[in-house]
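J.: I'd like to ask some things about the structure below.
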Amino acid sequence: MKNIKYTDAPVSVERALERGEPVTDFLPTPDRLIRRQSKQKITIAIDSDALARYKAYAEENGGHYQTLIDNVLGSYAKHYL
């Protein structure tokens with residue numbers, strides 16, 4: 001593997017960096033990004049077709065199927081129970 005020295009960047013890159021402007025962080029602080037709720041691990045038997053749908057949906061949308069199932073159960077419980 002070739003060692004890259006970033007100090008040897010082309011002049012065009014150096015000029016672009018000099019003209020660049022810093023971008024302020026627009027995201028909330030990490031403690032506000034993390035959902036702070038207690039979780040309890042359980043074992044559950046779920047219909048294999050339903051599980052396949054949850055996994056496919058989570059994969060297509062960049063999420064985790066267990067989080068998706070937790071959110072669905074939580075929404076149902078808040079609304080109906």
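A short reminder: the numbers here are calculations on the coordinates, not readings from a lab. Note that the coordinates shown come from a computational prediction; the quantities given were computed from them, not determined experimentally. When we count neighbours, we look across all protein chains shown, and the Cβ atoms used for this are built from the backbone with ideal geometry, even at glycine.
J.: Keeping to the range 33-81, report how many residues are among the hydroxyl-bearing types (Ser, Thr, Tyr) and either touching a Phe, Trp or Tyr at 6+ places or on another chain (Cβ under 6 Å) or touching a residue at least 12 places away in the same chain (Cβ under 8 Å) (or both).
T.: The number of residues fulfilling the criteria is 2.
J.: To continue, here is another question. Quick check, is Asn71 polar (S, T, N, Q) and surrounded by 11 or more Cβ atoms within 10 Å (Cβ to Cβ)? Steps first, answer last, please.
T.: Numbers: polar (S, T, N, Q): yes; surrounded by 11 or more Cβ atoms within 10 Å (Cβ to Cβ): yes.
Yes.
J.: Looking only at helices (runs of 4 or more DSSP H) that fall completely inside the chain, which ones have 1 or more residues that are among the β-branched types (Val, Ile, Thr)?
T.: Where helices (runs of 4 or more DSSP H) fall fully within the chain and carry at least 1 residues being among the β-branched types (Val, Ile, Thr), they are 11-19, 65-80.
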